[in-house]
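Student: First the structure, which I've put down as structure tokens, then a few questions once you've had a look.
The values are calculated or read from the model by the stated rules, or taken from the named source; none is laboratory data. Quantities reported herein were computed from a predicted structural model and do not represent experimental measurements. In this analysis, Cβ positions are derived from the backbone assuming ideal geometry, glycine residues included, and neighbour counts consider all displayed protein chains. Ligands, DNA and RNA are stripped out before the accessible areas are found, and what is left, the full protein with its side chains, is counted by its heavy atoms. Shrake-Rupley method; radii C 1.70, N 1.55, O 1.52, S 1.80 Å.
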Amino acid sequence: MKVYVSVDMEGIGGIVEERQVSGEPFDSCLRQEARELLTGEVNAAVEGALEGGATTVVVNEKHSGRELILEKVHPAAEVMVGHAKPLETLDGLDRSFAAVFLVGIHARSYTPQAVLAHTWWPRVTDEFRVNGVVIGEIGLNALLAGHYGVPVALVTSDDKGVEEAEALLGDVEGVIVKWGRSRYAARCLHPSKMRQAVREGAACALREVGRFRPFSLGTPVKFEIDFTQAVQADAVCIVPPFVREGPRTVSITTETFEEAVRWSFVGEAIAGHLVQH
């Protein structure tokens with residue numbers, strides 16, 4: 001049984017501020033602590049997957065930098081590192097996998113009291129909608145996994161992220177590793193207890209993997225993107241497949257969600273170059 005672990009950072013227990021995830025302004029102590037917390041939580045998910053019957057565990061470090069401490073990652077895991085991968089968060093996923101774990105994922109933009117909430121690219125993308133349904137990164141990953149017939153079985157996040165996953169996906173094993181008090185504050189357990197909860201949740205998810213279903217919002221797919229600035233939508237609409245839907249909104253309509261995601265990466269790359277620093 002193969003398991004795919006997609007690792008984000010903002011939803012990891014104990015991580016609550018920008019300096020921990022971006023290193024700007026640079027703070028080596030905070031950054032190192034965040035890397036330790038992330039690596040420990042990933043290892044807990046790998047251990048739980050193995051306890052639950054996994055024979056292969058692939059870990060994808062999908063954040064923008066190098067966060068996982070490779071020498072400390074569980075030796076049973078195969079690890080994908082670096083960025084600009086063809087399908088980023090789920091690169092290399094295919095129908096041979098039994099389940100996807102979203103470890104350290106976060107709630108979508110504008111979620112009240114959600115820790116470090118955003119949708120994909122801060123200062124570039126504000127909101128995604130697929131066939132009229134608002135999604136964040138949880139939904140994006142679940143839809144892309146669903147394209148390959150693979151269900152999201154485990155979500156670890158703050159309480160707001162787990163609530164979002166349960167509302168969108170229905171049956172999913174959700175593990176709360178912190179309780180958001182604001183964008184930059186949370187109530188946390190000791191890391192050992194957070195890791196125990198993740199390990200137990202991962203094992204349970206795989207033992208009961210048959211209860212989860214691939215997620216879909218139907219086809220064809222209309223993927224709408226709200227950018228943060230009108231000029232970003234101006235630039236993206238130069239590319240023929242994109243259609244202007246509003247002052248900051250463009251859309252792309254495709255036959256599959258994978259195709260929509262690939263086009264969205266193109267649009268976001270164009271828009272990202274227009275961010276005013």
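Student: What net charge is computed for the residues neighbouring Pro241, neighbours being all others with C-beta under 11 Å from the C-beta of Pro241, Lys and Arg scored +1, Asp and Glu -1?
Tutor: Numbers: positive: Arg262; negative: Glu259.
Charge balance near Pro241 sits at 0.
Student: Accessible area, 1.4 Å probe, largest first: how do Tyr4, Tyr148, Tyr110, Tyr184 sort?
Tutor: Details: Tyr4 0, Tyr148 35, Tyr110 165, Tyr184 125 Å².
So, going from the largest accessible area down, we get Tyr110, Tyr184, Tyr148, Tyr4.
Student: How high is the relative contact order of region 138-277, in percent, counting Cα pairs under 8 Å that sit 6 or more residues apart? Display every interim value, and only then the final one.
Tutor: Values: 198 pairs, mean separation 31.2, N = 140.
Dividing the mean separation by the residue count of region 138-277 yields 22 percent.
Student: So, one more: Evaluate the relative contact order of region 220-277 (contact order divided by residue number), counting alpha-carbon pairs under 8 angstrom at least 6 apart; express in whole percent. Working shown, then result.
Tutor: Working: 78 pairs, mean separation 23.1, N = 58.
Averaging sequence separation for qualifying contacts and normalising by length gives 40 percent for region 220-277.
Student: For region 1-119, report the translational diffusion coefficient in µm²/s to the nearest whole number, using Stokes-Einstein at 25 °C, 0.890 mPa s, and a Kirkwood Rh over Cα pairs.
Tutor: Details: Rh = 14.7 Å.
Using the Kirkwood radius from Cα pairs, D works out to 167 µm²/s.
Student: For a quick check of understanding: with a 1.4 angstrom probe and all protein chains in place, what accessible area in square angstrom does Met194 have, to the nearest ten?
Tutor: Approximately 10 Å² for this residue.
Student: Which one, Val155, Val266, Val172, has the greatest fluctuation when you compute a Gaussian network model over the chain with C-alpha springs under 10 angstrom?
Tutor: Val266
Student: Sort 233-240, 34-41 by the packing proxy (mean of other Cβ within 10 Å over each peptide's residues), most packed first.
Tutor: Working: 233-240: 15.6, 34-41: 21.8.
So the order, starting with the most tightly packed, is 34-41, 233-240.
Student: What is the diffusion coefficient of the chain in µm²/s, taking the Kirkwood radius over Cα pairs and the Stokes-Einstein relation at 20 °C with a viscosity of 1.002 mPa s?
Tutor: The calculation lands on 115 µm²/s.
Student: Then there's this: So with the 1.4 Å probe, I'd like the accessible area per residue for region 79-178, rounded to whole Å². Can you show the working numbers first?
Tutor: On the way: 3100 Å² over 100 residues.
In whole numbers, region 79-178 has 31 Å² accessible per residue.
Student: Ser182 to Glu33: FRET efficiency via 1/(1 + (r/R0)^6), r the Cβ-Cβ distance, R0 25 Å, to the nearest 0.05?
Tutor: Numbers: r = 20 Å, r/R0 = 0.79.
For R0 = 25 Å, the calculated efficiency reads 0.80.
Student: Next question. Can you tell me which of 118-128, 206-216 comes out highest on packing, and rank the rest after it, using the mean Cβ neighbours within 10 Å? Let's see the in-between values first.
Tutor: Numbers: 118-128: 19.9, 206-216: 16.3.
Highest-to-lowest ranking by the protection proxy: 118-128, 206-216.
Student: Given Cα pairs under 8 Å that are at least 6 residues apart, what percent is the relative contact order of the chain?
Tutor: Values: 634 pairs, mean separation 57.6, N = 277.
Computed value for the chain: 21 percent relative contact order.
Student: Mean Kyte-Doolittle of at least 0.0 and a Cα length of 20 Å or more along the axis: which whole DSSP H helices of the chain meet both?
Tutor: Details: long enough: 28-51 (34 Å, -0.10); 191-207 (24 Å, -0.45); 257-272 (22 Å, 0.40).
Going by DSSP H runs, the hits are 257-272.
Student: So, one more: How much of the DSSP beta bridge set in region 1-150 is antiparallel, as a percent to the nearest 5? Please report the intermediate quantities before stating the final value.
Tutor: On the way: 3 of 19 bridges.
Approximately 15 percent, going by the DSSP bridge assignments.
Student: Let me ask something additional. May I ask what percent, to the nearest 5, of DSSP beta bridges between residues of the chain are antiparallel?
Tutor: Working: 20 of 45 bridges.
That works out to approximately 45 percent antiparallel.
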